[in-house]
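> Below is one structure. I have some questions about it.
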């Protein structure tokens, strides 16, 4: 259970969550675009992780974020949903060569266009869930939709930027 | 039976997913209940501590502004003090001793705050140890800020006025009309005013203050000024937007208001409610 890979992931988890709570939480553009980089951690976990573990990690991450955001339940529900959908979506968009020699669904392994096709729909789903739960229903439909789309774009932009900065070894296309 | 277990085992990921979603859904719905009362939000010791340290760093960049604001508030209060004896002649009437010190103020620092969500909360660096309890009102020098939601030993979390479920009992100062202030979830500089009947003459710039009817805020705390008034031909009530007096994007020091007589007022009102039933 305790090996180098797990410790490394725990460390990355801490970085993402601390980054979310201390920095990204304050990054709001035009009162609409929010940055939820902590979902980058769920998205970038290795392909080998089991679905059960993935969902438990998502659930726990959501709980921690919720405690700090005073929105108990919201991020838990959305992140669990994201973790549930991730393997399904990864199977649905298998690239031509399959996932041989690919450790994680990251930009350096599979290229920018694949990464966007992978992350944008999942993020949009996650953020729509969050904002609709937060709004408590479907009144203000357009407003919530705009908020979720703007946030998806901002989060994806920051996530791609982070990967160019910190996961820099590898090929790009 | 074995087939059933086998079935559950085959689809265990899906069942776990359902279980976790049900748990989170239940938490969303029961968010205000006892379970989450003080542990599962940012008033718990760990989260409060993280936010306090974060704020300590941010304070270096805004101390000048805070100093200036506090000095201005001081000036305003001193000016008020010099005016006071001329207006009030205390020999003519008598204030019950209990009322003289009815409200007491505790100063606290806002260590975390949001304005862009549908339900906004703020975290304060004082808690039960400083006499803050659930349900107290929070204001600053400019006006109303919110209401304490839950407390731990050293921290407290409050509903900001920018919380779509918080209803604030307000009056229009000029006309003495009772109405309700509630945030619609969109613009963090404006709040909506509900239940203003159409026979009232409204104009922009009228002051909206707290009514003081609910024992949380003293009467006369400023909420804001009317920014726009609109009414449909067949509507009973106006649609009023109010510019908030407080800039929620830069909260620093706030006062938490304790009402010594809250219990007395509440229990008295409860007996009337019981008698009516």
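The values are calculated or read from the model by the stated rules, or taken from the named source; none is laboratory data. Fair warning: this is a prediction, and the values are worked out from it, not measured in the lab. No Cβ is skipped: glycine too gets one built from the backbone with ideal geometry, and neighbour counts run over all protein chains shown.
> Being surrounded by 14 or more Cβ atoms within 10 Å (Cβ to Cβ), within 30 Å of residue B:52 (Cβ to Cβ), in the same structural domain as residue B:118 (by TED's automatic domain parsing) and touching a helix residue (DSSP H, G or I) at 6+ places or on another chain (Cβ under 7 Å) is true for just one of B:188, B:218. Which residue is that?
B:188
> Name every residue in the range B:146-184 that is touching a helix residue (DSSP H, G or I) at 6+ places or on another chain (Cβ under 7 Å) and surrounded by 23 or more Cβ atoms within 10 Å (Cβ to Cβ), in order of residue number.
B:151, B:155, B:160, B:162
> Take the conditions in the same structural domain as residue B:122 (by TED's automatic domain parsing), under 24 Å from residue B:43 (Cβ atoms) and modelled with pLDDT of 85 or more and apply them to residue B:160. Does it pass?
Criteria met by residue B:160.
> Then there's this: Quick one: count up the residues across the range A:28-52 that are within 19 Å of residue A:107 (Cβ to Cβ) and within 14 Å of another protein chain (Cβ to nearest Cβ).
Here the count works out to 4.
> Right, here's the next one. Inspect the range A:73-94 for any residue being touching a helix residue (DSSP H, G or I) at 6+ places or on another chain (Cβ under 7 Å), part of a loop (DSSP other than H, G, I, E, B), at the interface with chain B (Cβ under 10 Å from one of its Cβ atoms) and buried (at least 22 other Cβ atoms within 10 Å of the Cβ) and give the result as yes or no.
Among the residues of the range A:73-94, at least one is touching a helix residue (DSSP H, G or I) at 6+ places or on another chain (Cβ under 7 Å), part of a loop (DSSP other than H, G, I, E, B), at the interface with chain B (Cβ under 10 Å from one of its Cβ atoms) and buried (at least 22 other Cβ atoms within 10 Å of the Cβ), which makes the answer yes.
> Among the numbered criteria (1) surrounded by fewer than 22 Cβ atoms within 10 Å (Cβ to Cβ); (2) farther than 17 Å from residue A:122 by Cβ; (3) within 17 Å of the chain's Cα centre (by Cα), which one does residue A:44 miss?
Just one mismatch for residue A:44, condition (2).
> For the range B:234-277, which positions are touching a helix residue (DSSP H, G or I) at 6+ places or on another chain (Cβ under 9 Å) and modelled with pLDDT of 80 or more?
Result: B:250, B:252, B:253, B:256.
> For the range B:237-264, name all the residues that are assigned to a helix (DSSP H, G or I) and either surrounded by 17 or more Cβ atoms within 10 Å (Cβ to Cβ) or not assigned by TED's automatic domain parsing to the domain that holds residue B:222 (or both).
Residues satisfying the conditions are B:248, B:262.
> Going by what's in this entry, would residue B:185 be described as within 14 Å of chain A (Cβ to nearest Cβ) and on the phi > 0 side of the Ramachandran plot?
yes
> Considering (1) within 8 Å of chain B (Cβ to nearest Cβ); (2) part of a helix (DSSP H, G or I); (3) under 22 Å from residue A:151 (Cβ atoms), say which one residue A:55 fails and leave the rest.
Tallying (1) within 8 Å of chain B (Cβ to nearest Cβ); (2) part of a helix (DSSP H, G or I); (3) under 22 Å from residue A:151 (Cβ atoms), residue A:55 fails exactly one: (3).
> What do you reckon, is residue B:16 at pLDDT below 70 and either under 24 Å from the mean Cα position of the chain (by Cα) or on the phi < 0 side of the Ramachandran plot (or both)?
no
> Considering only residues that are buried (at least 18 other Cβ atoms within 10 Å of the Cβ) and facing chain B (nearest Cβ under 9 Å), look in the range A:13-27 and name the one that is nearest to residue A:152 (Cα to Cα).
Among them, the one singled out is A:25.
> Then there's this: Provide a single number: the residues in the range A:141-166 that are within 11 Å of chain B (Cβ to nearest Cβ), farther than 11 Å from residue A:33 by Cβ and buried (at least 19 other Cβ atoms within 10 Å of the Cβ).
Qualifying residue count, the range A:141-166: 1.
> Would you point out which residue out of A:68, A:115, A:125, A:59 is in contact (Cβ under 8 Å) with a residue 40 or more places away in the chain and within 19 Å of residue A:14 (Cα to Cα)?
A:68
> Right, next: Within the range A:1-32, work out how many residues are at pLDDT 80 or above and within 18 Å of residue A:68 (Cβ to Cβ).
11
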